[in-house]
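Below is one structure, written out as structure tokens, with a few remarks after it.
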Amino acid sequence: MDYEFWNDIHHRGGIPAVKSALEELAERGSPEDVDAAMDLACQVIADDTARLQARADQAEARLQMLTDEAREVGRQVDAHAGAEGSAEPPARAEHE
């Protein structure tokens, strides 16, 4: 049982599958085997958690970038609308 074994179990069934496999191993394996398996299983879960956290951090950074871009576009639209509203075309002003 190597890292890939535990990684495969984790990807197929998540933490409950890893827990179940460790419980089965505890019933029939030596204490050393169980300890080694627990270390590998914990490493798999920690690595997956770190991967998910990195993805969440990237998504948060992207959201912040898009929010900043949206604010800038909003400022530009407001500035453009303000510039158009303060300078009415002369032909339009004469007819009112």
(request) Please turn the phi angles of region 64-77 into ³J(HN,Hα) values with the Karplus equation 6.51 cos²θ - 1.76 cosθ + 1.60 (θ = phi - 60°), one per residue in order, whole Hz, x for glycine and proline. (result) 5, 4, 5, 5, 4, 5, 5, 4, 5, 4, x, 5, 5, 5
(message) With a cut-off of 8 Å between alpha carbons and a minimum separation of six or more residues, what is the relative contact order of the chain in percent?
(response) 26 percent
(request) With viscosity set to 1.002 mPa s and temperature to 20 °C, compute the Stokes-Einstein D of the chain, Rh being the Kirkwood radius across alpha carbon pairs; µm²/s, no decimals. (result) 117 µm²/s
(message) Probe radius 1.4 Å, ligands and nucleic acids ignored: give me the carbon and sulfur share of the accessible area of the chain as a rounded percent.
(response) 56 percent
(message) Can you give me the accessible area per residue for the chain, using a 1.4 Å probe, in Å²?
(response) 78 Å²
(request) Specify the angular offset, from 0 to 90 degrees and rounded to the nearest 10, of the alpha carbon long axis of helix 3-28 from the longest principal axis of the alpha carbons in the chain. (result) 30 degrees
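The values are calculated or read from the model by the stated rules, or taken from the named source; none is laboratory data. A quick note: this is a predicted structure, and the numbers were derived from the prediction, not measured. Each accessible area value is taken on the protein alone, full model and side chains, heavy atoms only, with ligands, DNA and RNA left out. Shrake-Rupley method; radii C 1.70, N 1.55, O 1.52, S 1.80 Å.
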